[in-house]
Structures are given as C-alpha cells and as structure tokens.
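Worksheet: the structure to be examined is printed underneath.
The values are calculated or read from the model by the stated rules, or taken from the named source; none is laboratory data. On a predicted model such as this, the values are computed, not experimentally measured, just so you know. Don't worry about glycine lacking a Cβ; one is built from the backbone with ideal geometry, like all the others, and counts go over all protein chains shown.
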Amino acid sequence: MTDNDSGLDDGGLYHQAGNSVLLDGRVSDNVAGGQGGGIFRVGGSVVLTGAPVVNNAPDNCAPSGAVAGCTS
C-alpha cells in the first residue's frame, strides 16, 4: 500500500475488527488528514510479518502502540 492520501484517519489501511496479517508487503508514503498515515487500527489485531511501515504522515501507525512492531 503506497502513495495513498486520505482527508480523515488512515492513509493506507483502516482496520476495524477481526485479525489481519500483512505478509511481505510494504506500507509507505501514505498521508492521512488525521491519525494513522500508514495504519489506523480501531479494533481487532494487525500482525506485521516482513511488512515494513515507513515514511507515512503524520505517523506510521495509530493509536500509538496499536500495531506491534510498528514505530511512529
């Protein structure tokens, strides 16, 4: 997921419920008007396996600590 733009929360991925695994992908260069430029997690769980989340604005993952292995 790259080069996306949202006027609200989440530039790349909005995760509301359930369990997701991002495997060998990349979440980068996305922009959100709110939080979670890369991933915005409301509920459920997101697991990153060989999937870097980098160069997203205003942050990589939100809320802080919502996605293990993702640094903002």
When (1) over 11 Å from the mean Cα position of the chain (by Cα); (2) farther than 17 Å from Thr2 by Cα are applied to Gly50, the one that fails is (2)
Select from the stretch 53-72 the residues that are within 15 Å of Ser6 (Cβ to Cβ) and in a loop (DSSP other than H, G, I, E, B) and list them in ascending order.
-> Asn56, Pro58, Asp59, Asn60
Does Asn4 fit the bill of being within 13 Å of Val67 (Cα to Cα), surrounded by fewer than 19 Cβ atoms within 10 Å (Cβ to Cβ) and modelled with pLDDT of 95 or more?
-> no
Counting only residues that are aliphatic (A, V, I, L, M) and part of a loop (DSSP other than H, G, I, E, B), the stretch 17-45 contains a total of 2
Filter the stretch 39-67 for residues that are among the small types (Gly, Ala, Ser) and out of contact with any Leu (no Cβ under 7 Å at 6 or more places or on another chain); the one that is surrounded by the fewest Cβ atoms within 10 Å (Cβ to Cβ) is Gly43
Residues within the stretch 1-16 that are among the charged types (D, E, K, R) and not in a loop (DSSP other than H, G, I, E, B), tallied = 1
